[in-house]
Amino acid sequence: MRPLPRFRNLPVTLRVPLVMAGLMILLGFLASQSVLSALGKVQDARLSETARLHVEGLSVALGPSVLRQDVWEVYDILDRARSAYDGQRLLLSIVADERGRILAATDPRRAPVGEAVAEFEEGAAPPDAVRMTGDPVLRVAAPLLFQGRQIGQIVTELDVTDLLAERRNVSMWLLFGNAAATALLAFGGWLAVARILRPVGALVSAMDESKGAPRPIAESDIPRGDPGLSRLISSYNRMTTAVESRAEAERRLAERERFVSLGRLSSSLAHEVNNPLGGLLNATDTILSYSDRPEVVRQSAELMQRGLSHLRDVTRAILDENRLDRVGRTVHILVRRIARLQIGPNQIPNQPCKKNKPGQPPHLPGHKDRDQHRGGSDHHSGIALQRGPRNTDRPNKAGQPTDQEDVGDV
Amino acid sequence: MDAAWTCGYPYLQHKTELSLLGVPVWRGQPLYQSYLIVAQDDPATALSDLRGGAHAFSDPDSNSGFLVTASDLARDGQTPDQFFSRVIFTYGHRNVVRSVAGGLTRSGSVDGYVWEALSSAEPDLTARTKVIVRSEWLGFPPMVARADRMDEPSVMACKAALLGLSATAQGTEALKLLSLDAIEPGEDALFDGIAARIAVLSGG
């Protein structure tokens with residue numbers, strides 16, 4: 001498990017306060033260390049001063065008594081000195097003569113008169129060098145000077161429990177104070193960052209909820225006080241406008257294409273209907289003119305039948321395609337299929353038979369010579385007549401017309 | 001010095017130069033005792049149990065604070081320096097109690113009247129000690145003046161004032177502070193017991 005990637009997955013509104021909280025903890029730790037270090041120095045100085053004053057005071061008071069080896073006087077002075085300190089700091093004071101034998105102590109049961117003072121000097125420091133070590137009891141040893149001469153030794157045990165408790169209390173207050181301050185500032189940081197990043201959140205929401213159609217952010221939501229964010233959101237809004245314009249252009253283009261296709265369909269339909277219609281009218285005219293000539297009537301009837309069949313094919317093609325697809329695609333396909341129906345005037349003449357000279361047979365539509373004078377689409381249809389119907393619409397094996405339209409042909 | 005409140009031992013030592021102004025009455029009689037005290041948790045019950053320990057005397061001129069114990073040892077042919085490992089003089093009965101209570105010495109010789117007064121005034125101090133031996137009743141420390149000045153008005157006035165303390169309210173208040181009942185003229189016979197101990201100590 002790698003914590004860093006997981007951290008990276010957190011929201012930025014959470015990561016920033018967390019980073020800030022971490023820095024606050026680091027700062028609090030360093031500040032606490034600094035405070036504790038300063039406190040330690042103050043306590044050491046106070047302790048050293050207490051020890052120094054105690055030793056110096058005892059030296060002045062004890063000098064004559066130690067010289068006389070007066071046990072009671074030495075004890076009396078030590079006992080009064082202890083009472084003066086109210087037993088708060090001095091746990092034990094021992095005075096030894098110049099041979100290192102105990103003359104008196106504030107607790108004679110611990111330091112009996114006449115015993116060696118050496119064992120009490122273990123771990124003892126001079127008054128100026130005494131420091132807090134974490135031990136609740138510290139020992140101080142100093143020579144007993146009187147009139148410039150060392151006449152004995154003073155060993156003192158100092159009770160520093162209160163100083164340790166003070167240090168512990170300060171540490172706890174620092175710990176809880178820093179924890180509370182860090183939590184408070186981290187929470188405030190989270191609120192501030194969340195507020196600062198709210199426009200970014202709105203931007204992300206606008207992009208997420210757009211579903212491919214980005215929506216612009218309201219002008220009132222743009223943070224004018226933040227030039228960077230303001231520029232970013234303005235750029236985003238311009239981008240959404242460009243996307244909308246493009247979508248609108250595409251929509252109009254598609255609509256225009258539909259209209260063009262519809263126009264082309266209409267034109268094709270008119271063309272395909274008009275061609276056989278002309279032929280049918282010609283055939284009708286011929287029948288009316290040569291109703292007494294069965295051969296001519298029969299040929300004209302056949303022509304009419306072919307024209308009507310093609311009209312039926314056109315209608316069927318429209319109906320079939322309309323069933324398949326009622327959208328714009330039908331238009332494109334229809335245009336192409338109708339164009340492939342290949343209905344031309346050479347199949348259904350669109351001009352009436354001219355009156356022949358007596359003895360000559362009437363000129364029937366579809367004659368090669370008559371097809372030459374027609375122009376435009378007729379000529380095109382005439383060419384298609386010579387080629388015959390295109391295979392693209394021929395039925396498949398099941399008798400159904402194929403629908404393999406090539407859109408690219410349209 | 002016109003007058004002094006002294007111990008019976010120095011009074012007898014200077015009997016030829018001193019006369020009694022009065023003798024305090026404590027608990028109904030002009031007598032008191034010498035106490036041999038040890039620490040509260042000390043198992044000793046007699047002077048003989050204290051051999052080899054450190055001992056605190058009040059003063060070498062004190063009856064209750066020195067003479068009684070020294071004479072008891074003298075009866076057995078011993079001296080304090082021989083019997084005890086260390087002897088110290090604290091020059092005060094209260095200091096004897098402090099010495100024993102603080103553990104500086106194992107035992108001490110103290111004025112019974114002072115110890116009882118301290119038990120009321122400083123019960124925490126005396127509570128750390130206990131009395132294992134009480135001497136016989138001996139003459140209470142007297143008020144004295146020079147014998148050759150006893151007829152002087154000032155000395156006579158002082159004597160009259162001392163003897164009349166119990167008759168006045170102020171005097172009664174003063175006596176109450178001292179835990180005394182009164183001051184009576186007293187007789188030299190009150191100090192015969194002390195004289196006997198002096199004789200023992202001096203080998204007489």
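Scanning region A:30-60 for residues that are under 18 Å from A:Thr106 (Cβ atoms) and either charged (D, E, K, R) or surrounded by 17 or more Cβ atoms within 10 Å (Cβ to Cβ) (or both) returns A:Thr50, A:Ala51, A:His54, A:Val55, A:Glu56, A:Leu58, A:Ser59. Screening B:Val100 against (1) in a helix (DSSP H, G or I); (2) without any contact (Cβ under 8 Å) to a residue 60 or more places away in the chain; (3) within 13 Å of chain A (Cβ to nearest Cβ); (4) not charged (D, E, K, R) leaves a single unmet condition, (2). Scanning region A:162-176 for residues that are polar (S, T, N, Q) and surrounded by 13 or more Cβ atoms within 10 Å (Cβ to Cβ) yields a single hit, A:Ser171.
Tell me whether region B:178-190 contains one or more residues that are assigned to a strand (DSSP E or B), within 17 Å of the chain's Cα centre (by Cα) and closer than 19 Å to B:Leu18 by Cβ.
Checking region B:178-190: at least one residue is assigned to a strand (DSSP E or B), within 17 Å of the chain's Cα centre (by Cα) and closer than 19 Å to B:Leu18 by Cβ.
Restricting to region A:65-75, name every residue that is more than 7 Å from chain B (Cβ to nearest Cβ) and out of contact with any Asp or Glu (no Cβ under 6 Å at 6 or more places or on another chain). Give the derivation first.
Let us first name the residues in region A:65-75 that are more than 7 Å from chain B (Cβ to nearest Cβ), namely A:65-70, A:73-74.
Hits for region A:65-75 are A:Val66, A:Leu67, A:Arg68, A:Gln69, A:Asp70, A:Glu73, A:Val74.
Of the residues making up region A:106-131, those that are free of Cβ contacts under 8 Å to residues at least 12 places away in the same chain and within 12 Å of chain B (Cβ to nearest Cβ) are A:Arg109, A:Pro112.
All of (1) within 18 Å of the chain's Cα centre (by Cα); (2) within 14 Å of chain A (Cβ to nearest Cβ) hold for B:Pro142 with one exception: (2).
Quick check on my filter: what residues within region B:103-118 are among the hydrophobic types (A, V, I, L, M, F, W, C) and facing chain A (nearest Cβ under 8 Å)? Within region B:103-118, B:Leu104 is the sole residue that qualifies.
If we scan region B:33-43, do we find a residue that is surrounded by fewer than 19 Cβ atoms within 10 Å (Cβ to Cβ), under 14 Å from the mean Cα position of the chain (by Cα) and within 14 Å of another protein chain (Cβ to nearest Cβ)? Among the residues of region B:33-43, not one is surrounded by fewer than 19 Cβ atoms within 10 Å (Cβ to Cβ), under 14 Å from the mean Cα position of the chain (by Cα) and within 14 Å of another protein chain (Cβ to nearest Cβ), which makes the answer no.
Checking the conditions here, which among A:Ala270, A:Ala242, A:Ala254, A:Ala218 is more than 23 Å from the chain's Cα centre (by Cα) and not assigned by TED's automatic domain parsing to the domain that holds A:Met304? Outline the logic, then answer.
Values: A:Ala270 fails: not assigned by TED's automatic domain parsing to the domain that holds A:Met304; A:Ala254 fails: not assigned by TED's automatic domain parsing to the domain that holds A:Met304; A:Ala218 fails: more than 23 Å from the chain's Cα centre (by Cα).
Answer to the check: A:Ala242.
If we keep just the residues of region A:85-103 that are of a type in the set (Gly, Ala, Ser) and at negative phi, which is modelled with the lowest pLDDT?
So the first thing to find is which residues in region A:85-103 are of a type in the set (Gly, Ala, Ser), and the list is A:87, A:93, A:96, A:100.
Among the residues that remain, those that are also at negative phi are: A:93, A:96.
Details: A:Ser93: 91, A:Ala96: 94.
Out of the qualifying residues, it is A:Ser93.
Exactly one residue among B:Thr129, B:Thr90, B:Thr105 is outside the structural domain of B:Lys15 (by TED's automatic domain parsing), buried (at least 17 other Cβ atoms within 10 Å of the Cβ), of a type in the set (Val, Ile, Thr) and touching a residue at least 60 places away in the same chain (Cβ under 8 Å), and that residue is B:Thr129.
On the given criteria, is A:Leu103 closer than 30 Å to A:Ser171 by Cα and within 14 Å of chain B (Cβ to nearest Cβ)?
Working: closer than 30 Å to A:Ser171 by Cα: no; within 14 Å of chain B (Cβ to nearest Cβ): yes.
No.
Figure legend. Inter-residue proximity from region A:51-72: first residues assigned by TED's automatic domain parsing to the domain that holds A:Asp159, second residues of a type in the set (Val, Ile, Thr) and in a helix (DSSP H, G or I), beta-carbon distance below 9 Å, spacing 6+ or different chains. Indicated pairs: A:Leu58/A:Ile77; A:Ala61/A:Ile77; A:Leu62/A:Val74; A:Leu62/A:Ile77; A:Ser65/A:Val71; A:Ser65/A:Val74; A:Ser65/A:Ile77; A:Val66/A:Val74.
Could you tell me whether any residue of region A:135-142 is under 28 Å from B:Asp41 (Cβ atoms) and within 14 Å of chain B (Cβ to nearest Cβ)? Give the steps one after another, and end with the answer.
Taking region A:135-142 and keeping what is under 28 Å from B:Asp41 (Cβ atoms), we get A:136-137, A:139.
With the extra rule that they be within 14 Å of chain B (Cβ to nearest Cβ), the set shrinks to none.
Within region A:135-142, none of the residues are under 28 Å from B:Asp41 (Cβ atoms) and within 14 Å of chain B (Cβ to nearest Cβ).
For (1) aromatic (Phe, Trp, Tyr); (2) assigned to a strand (DSSP E or B); (3) over 14 Å from B:Ser109 (Cβ atoms), each residue gets a yes or a no:
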{"position": "B:Asp41", "(1), (2), (3)": "no, no, yes"}
{"position": "B:Thr45", "(1), (2), (3)": "no, no, yes"}
{"position": "B:Ser48", "(1), (2), (3)": "no, no, yes"}
{"position": "B:Pro60", "(1), (2), (3)": "no, no, no"}
{"position": "B:Phe66", "(1), (2), (3)": "yes, no, no"}
{"position": "B:Leu73", "(1), (2), (3)": "no, no, no"}
{"position": "B:Gln78", "(1), (2), (3)": "no, no, yes"}
{"position": "B:Gln82", "(1), (2), (3)": "no, no, yes"}
{"position": "B:Val87", "(1), (2), (3)": "no, yes, no"}
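Output the residue which, of all residues in region B:68-82 that are without any contact (Cβ under 8 Å) to a residue 40 or more places away in the chain and out of contact with any Ser or Thr (no Cβ under 9 Å at 6 or more places or on another chain), is farthest from the other protein chains (Cβ to nearest Cβ). Across region B:68-82, the extreme among qualifying residues is B:Gly77.
Residues are listed down the side, and each one gets a yes or a no for (1) basic (Lys, Arg); (2) over 30 Å from A:Ala202 (Cα atoms):
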| residue | (1), (2) |
| --- | --- |
| A:Leu23 | no, no |
| A:Phe29 | no, yes |
| A:Arg46 | yes, yes |
| A:Arg52 | yes, yes |
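The values are calculated or read from the model by the stated rules, or taken from the named source; none is laboratory data. Because the structure is a prediction, the values reported are computed rather than measured. Every residue, glycine as well, gets a Cβ built from its backbone with ideal geometry; the counts of neighbours run over all protein chains shown.
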